[in-house]
């Protein structure tokens, strides 16, 4: 048995077939034949799949100019670049003042300026989340299948929200920088518009999952559509919406940190500058600040989200 | 119900009568703080009505100029950019999905039992994830020059961070009995992983890789804004020279491409998971 398993598959298959014929039982022979046919088919399908993937791979490598030679030549430059970005910290001078080379203070010598920019970025993200979510809260009610006034309104709002979220923030920002001028205003509006589309869908889905009994209660007591949305649906979905809001804030703080690349405000503008001018150590300092901000916002928002979900559980 | 019984009930269950003065005060304070922050940031970011009005009217002009969308004279370039974006997404995701397999095993609790090694490895992945793809793209543009290769590398590196984590979680959720069975039959640990764990997690990994291909098609379409090739470069250039009809054409093209890739990938995913 062991020696048969070591042979190449085709030889092993022939041996198996011979074994089956040797028993001269028609059921065994038929079974073995069916098994091998199924196996062959699977193997052929796998080979075809592999060929298709390989073809796609070669085509995409050719289109994206990722020739092995270029990659090989670029590899040392990549490592060199990332090593140059790293700060030159010296253990002996680690906690010395900003004038001593090799200290943390020297590495972060423009910390006050950057901290202000980080705060600005966080505020941009918060404001964009708030404005975007306000829009999506208004649009979520007509975009929820269970309470939409008519099929037409439902479809129109849904398509509108889809269009809003399909266009990336950066594209919005590029256009808004033309319309509103360079600065944080364009970035906030760009992120807000994208968030409105993304959150609108989530809010609408939360509304679709809401219990309809309060709705029936309000409408049968003579409440209007708006009253029913406000008093029957909103209290149910509010914790959910709060949780999505915080999740969106986490996403938006990442977007806000790069939206400055196109001149739309925040720390991204500074990062773009230091990368373009090759101020190597400052690059790593700013990126480290961004990572710290993102991670701490994530942790904080996770705590708050769990609190919001806890309230949701308590309300049920 | 008389006045006195209401007072006794109020004393017994204060919460049933709505928030007390302390709670109300707290709510009021919260609202006031929020308003101060809100108005303060609006003022700081210069949300003046005139500026908003001017911007909106400018935006209206741009929207009017966008209609009808037109491919312009350099439509070959646009198509090439689109192909580049999809190719960047495919190559970057494919390479990341391959490299993330061993890294995912290294980050899984049930494979690497050394807590310190696993912990530090996972923190490195967290760090990679903390940096936005666009930042990676900008850095790679400086390292290997303008062009789609920088985009491929940016997608590759940022995806390694996420995919490795997702793979590690999938591996941790895998049933361990199969691996125990393989090792009990006398094989080594490596064969136990190969025949006991990998068959369980391979469909999950593939589905996640395909999902990332979808999402990377979206992000690859903007990496060109920082010079990393693809359709983003085309759109940024046309916005710079204010050819708004061509911008609208590219945006529509981007939406169609993303929808097409989503559709194809969803079909493949459903087939692979069903098998």
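Only the coordinates and a few stated rules stand behind these numbers; no lab work does. All figures in this text were calculated on a predicted structure; none of them were measured in a lab. Note: ideal-geometry Cβ built from the backbone for every residue, glycine included; neighbour counts use all protein chains shown.
Comparing Cα centroids, region B:111-133 and region B:184-252 end up 21 angstrom apart.
Convert 25 °C to kelvin, take the viscosity as 0.890 mPa s, use the Kirkwood radius over C-alpha pairs of region B:124-165 as Rh, and evaluate the Stokes-Einstein diffusion coefficient in µm²/s, rounded to a whole number. For the chosen part, D equals 244 µm²/s. For region A:59-167, taking the reciprocal of the average inverse distance between every pair of different Cα atoms yields a Kirkwood hydrodynamic radius of 19.9 Å.
Ellipticity at 222 nm from helices only: DSSP H runs of n ≥ 4 in the protein assembly as shown, each -39500 (n - 2.57), divided by the residue count, give -26500 deg cm²/dmol. Of the Cα atoms belonging to region B:85-207, the radius of gyration and Dmax stand at 16.5, 54 Å. Legend: ranking of residues B:50, A:100 from fewest to most surrounding C-beta atoms inside 10 Å; resulting order B:50, A:100. How large is log10 of I(q)/I(0) for the protein assembly as shown at q = 0.06, 0.10, 0.12 Å⁻¹ when the intensity is taken from the Debye formula with one equal scatterer per alpha-carbon? Relative scattering, expressed as log10 I(q)/I(0), comes to -0.42, -1.04, -1.36. The convex hull defined by the C-alpha atoms of chain B has an orientation-averaged projected area of 27.3 nm².
To make sure I understand, if each residue's beta carbon is the centre and we count other beta carbons within 10 Å, what order do B:201, A:274 fall in, fewest to most?
Least to most surrounded, the residues fall as A:274, B:201.
Translational diffusion of region B:126-275, estimated by Stokes-Einstein from the Kirkwood radius over alpha carbon pairs at 10 °C in a medium of 1.306 mPa s, is 90 µm² per second.
Rounded if a/c is under 1.5, else prolate if a/b beats b/c, else oblate: with a ≥ b ≥ c from the C-alpha gyration tensor eigenvalues square-rooted, which is region A:159-316?
It is oblate, given that a/c is not under 1.5 and a/b is not larger than b/c.
Largest GNM mean-square fluctuation across A:219, A:70, A:166, computed for chain A with C-alpha springs under 10 Å, falls on A:70.
With only the Cα atoms considered, region B:17-72 has a convex hull volume of 158 Å³ per residue. Extents of region B:159-222, largest first, come to 52, 17, 16 Å (Cα atoms, principal axes, whole angstrom).
Quick one: among B:32, B:87, B:168, which has the greatest mean-square fluctuation in a GNM of chain B with alpha-carbon springs under 10 angstrom? Ranking B:32, B:87, B:168 by mean-square fluctuation puts B:32 first. Shape annotation for region A:110-190: C-alpha extents along the principal axes are 56, 23, 17 Å, from largest to smallest.
Ordering A:224, B:265 from the fewest to the most neighbouring beta carbons within 10 Å gives A:224, B:265. With one equal scatterer per alpha carbon and no solvent term, the Debye-computed log10 I(q)/I(0) for region A:186-258 at 0.15, 0.27 1/Å reads -0.59, -1.14.
For region B:186-268, state the average projected area of the convex hull of the C-alpha atoms over all orientations, rounded to one decimal in nm².
Averaging across all directions leaves 7.2 nm² for the Cα convex hull.
Give me log10 I(q)/I(0) at q = 0.16, 0.23, 0.24, 0.29 Å⁻¹ for region A:86-142, Debye formula, one equal scatterer per alpha-carbon, no solvent. Ignoring solvent entirely, the Cα scatterers give -0.62, -0.84, -0.87, -1.00. If you run the Gaussian network model on chain A, springs between alpha carbon atoms under 10 Å, then out of A:21, A:280, A:154 the most flexible one is A:21. Computing Rg and the Kirkwood Rh from the Cα coordinates of chain A gives a ratio, Rg/Rh, of 1.19. With contacts taken as Cα pairs under 8 Å and at least 6 residues apart, chain B reaches a relative contact order of 24 percent.
Global size of region B:1-41: 16.1, 51 Å for Rg and Dmax (C-alpha atoms, Rg to one decimal, Dmax whole).
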